[in-house]
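Please treat every number below as a calculation from the coordinates, not as lab data. Remember, it's a predicted structure, so these values are computed and weren't measured experimentally. Please note: Cβ atoms are built from the backbone with ideal geometry, for glycine as well, and neighbour counts cover all protein chains shown.
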Amino acid sequence: MSLNAKSVQKDFPRAGKNSNVFTAVHPIDFNLQPGKIIEITGRSGSGKSTLLNMLSGILKPTSGQVLLDGTDLYTLDDNELSRLRNKNIGLIPQGHTALLGLSILENVMLPAILYSSSPAPRDRAMELLTQVRLEEMANEKPNELSGGELRRMAVARALLMSSQYILADEPTAGLDEENILSVMNLLRKTADNGSAVLLVTHEQEAARFADEILTMDGGRFI
Amino acid sequence: MLTLKNLPVKNLNSYPGRTIAMLIFAGLMSAAVFGGMLIIRGLRQGLESVQSRLGADILVTPEDADNDFDAQTFLIQAEPGYFYMDASKLDQIRAVEGVETASPQMFLASATSSCCSAKLQIIAFDPDTDFTIQPWIRETFHGAQKLGKMDVIVGANVTVYDDHILRLYNNDCRVIGQFAPTGYSLDNAVYTDFETIKVLITSSFDTKLNKYQPFNTEDVISSVLVRVKNGYDAGDVANKIKNSVSGLNTTATKSMVSKIADSLSSISTSVHVFTIVILFVGALMTILIFLMMINERTREFASLRAMGASRNILSYIVIGEAVFINLLGGLIGIIASAVVIIGFSGVIREKLGIGFTPPSPRHIIIPAFFGIVVALLAAVAACLAAVKRVNRLDVSLVLKEGE
Ligand SMILES: Nc1ncnc2c1ncn2[C@@H]1O[C@H](COP(=O)(O)OP(=O)(O)O)[C@@H](O)[C@H]1O
Ligand SMILES: [Mg+2]
């Protein structure tokens, strides 16, 4: 069981200057380990999200490979990759990710119904909502929630499938002290249960929950 | 319950404005196709039945009946009328060159008074010579129906109660059958034979409700229906009748019907143009509104991708939303237009000035099918662009942008 990045690199075309590229992530080797939280910090624009997105299967590296149990994610076709990601990778992207037509509870249950016709796991979803302290909001629509509450909803959703890999991009952004603690505790518990967690954060407090801390700058680990 | 199947419908909850706008356009499209087909069909059917019902080439009426008979409006005007001429005219008409068959009819109108069930046009035919009403009876009742004394057959618009008795000038007439609708004034009439109408006319004198002075019913007729011989022109024969027999008016029935046919073809042209405009505007708006809605939701679709939804699932959601809206809108359009057309067929007939037969349930199915198909085609067109759009999403970039 492993998720490895093998010299992944990402270039973006530089706006304005034609035919010139900007390397957001220089070739990096990187492994996630079961039971561990690996934290990546670094200045804004240092390439943290780019690396995390490549690992999660939604951003194809310019070169290098991302291997899940030995399979290069980016050689799979869309159906195979999507199913694999749905089952194995819990992704907490940056920003808001709610579907406005669904309740908070339904939003959390969403990953479970994409490929399965068995009833949505209501109990599991409620349990996670309780752990991120949103149980009262379960039947509200996303429009009625604050940004911080929607971040916590995204955390609950990413943990729903009990995936082997949890990739969290600033999951505590915009949260108050108390909620940062409950989210970090939840991620810690998830790692203790055997998942491999990648945590991208600015939060100083996160450090004491992490097993290993890496810092990025200019697209490299330093 | 949350399932992938009902996800498209749940998604639409959060976009009520756009959803309703799309429903309206889908409804307009299906209503235009469905309603247009029904109206044209109803008009054609009316024309066909009136053509076969008239069955004669020339209609001869007394000259002094002008106030009671107008060939232009006879077929669409519901107001009953009656007039008489000397029965001897019949033989004179038969003697005119080119006349093959001439059959007399007698008219009477019942009154709005306690003596009668309702104010109705009564038309009597001569069973020995009639060639218009009896074929109609044979066709409707498959030959089995025979008019006995005081028996009548009624048009489609005549109300008949359970006892099958129609009271006409204090006579109980037995209703032995009812014709299918033609959409024309023929539907408002009561049909019987000479023997019965003579009794009714005599009773109308007894009740003093006839506008004429009492006369011997054996001596009069109201009109004569003429069929011309092969090789003769109906117009020419009509002129000959007019010139050789005094006190008559003649109308070539072809000219009555051809006026109707003319207005029918101009109405159906308008209906077609109108339908095409609605379809064009409706399809365009459906595509635009749907694309706008999908565009506004790129972040939702990117989020679905982030949790592992494949492109196929995204396509399913997009198609499901469009198909659901347009199926529902199409159904609403069809129901609304069916209610309007059936409920207001009288008004439609009046406004169009030609006969219109409201459709039977059996005839609703095919236009309804086409109405739904048109709404669905618009959904498919909207999906073609929208599916492309969601499948080309740069998930990582979209999720970054929304911050
Ligand atoms: N889709 C993209 N197109 C162009 N440039 C991008 C894109 N995504 C990220 N970048 C650039 O790559 C660099 C790293 O971005 P990112 O990984 O989001 O940084 P971080 O998450 O560490 O703040 C930034 O300079 C950013 O502007
Ligand atoms: Mg970032």
**Request:** Those residues that are among the charged types (D, E, K, R) and within 16 Å of ligand 2 (Cβ to nearest atom), I need them from region A:183-218; list them, please.
**Result:** A:E203, A:D217
**Request:** Determine if region A:179-202 includes at least one residue that is crowded, with 21+ Cβ neighbours inside 10 Å, touching a strand residue (DSSP E or B) at 6+ places or on another chain (Cβ under 6 Å) and within 14 Å of chain B (Cβ to nearest Cβ).
**Result:** yes
**Request:** Considering every residue within region A:14-25, establish whether at least one is more than 9 Å from ligand 1 (Cβ to nearest atom), exposed (fewer than 13 other Cβ atoms within 10 Å of the Cβ), among the basic types (K, R) and farther than 23 Å from A:R188 by Cα.
**Result:** yes
**Message:** Can you go through A:R122, A:R151 and tell me which one is within 12 Å of another protein chain (Cβ to nearest Cβ) and within 16 Å of ligand 1 (Cβ to nearest atom)?
**Reply:** A:R151
**Prompt:** Of all helices (runs of 4 or more DSSP H) completely enclosed by region B:303-403, which ones contain at least 1 residues that are within 14 Å of chain A (Cβ to nearest Cβ)?
**Reply:** B:311-343, B:361-391, B:395-401
**Item:** A:E140 more than 14 Å from chain B (Cβ to nearest Cβ) and among the charged types (D, E, K, R)
**Value:** no
**Message:** Quick test of your reading of the structure: B:M256 fulfils all but one of (1) more than 33 Å from the chain's Cα centre (by Cα); (2) under 28 Å from B:P127 (Cβ atoms); (3) in a helix (DSSP H, G or I). Name the failing condition by number.
**Reply:** (1)
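Would you point out which residue out of B:A111, B:A26, B:A56, B:A31 is closer than 30 Å to B:V245 by Cβ and small (G, A, S)?
Exactly one of B:A111, B:A26, B:A56, B:A31 is closer than 30 Å to B:V245 by Cβ and small (G, A, S), namely B:A56.
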**Asked** How many of the residues making up region A:7-66 are assigned to a strand (DSSP E or B), within 14 Å of ligand 2 (Cβ to nearest atom), within 14 Å of chain B (Cβ to nearest Cβ) and touching a helix residue (DSSP H, G or I) at 6+ places or on another chain (Cβ under 6 Å)?
**Response** 3
**Prompt:** Going by the conditions given, is B:F370 more than 18 Å from B:L23 (Cα to Cα), in contact (Cβ under 8 Å) with a residue 24 or more places away in the chain and either of a type outside the set (G, A, S) or within 16 Å of ligand 2 (Cβ to nearest atom) (or both)?
**Reply:** no
**Request:** Of the numbered conditions (1) in contact (Cβ under 8 Å) with a residue 24 or more places away in the chain; (2) in a loop (DSSP other than H, G, I, E, B), B:V9 fails exactly one; give the number of that condition.
**Result:** (2)
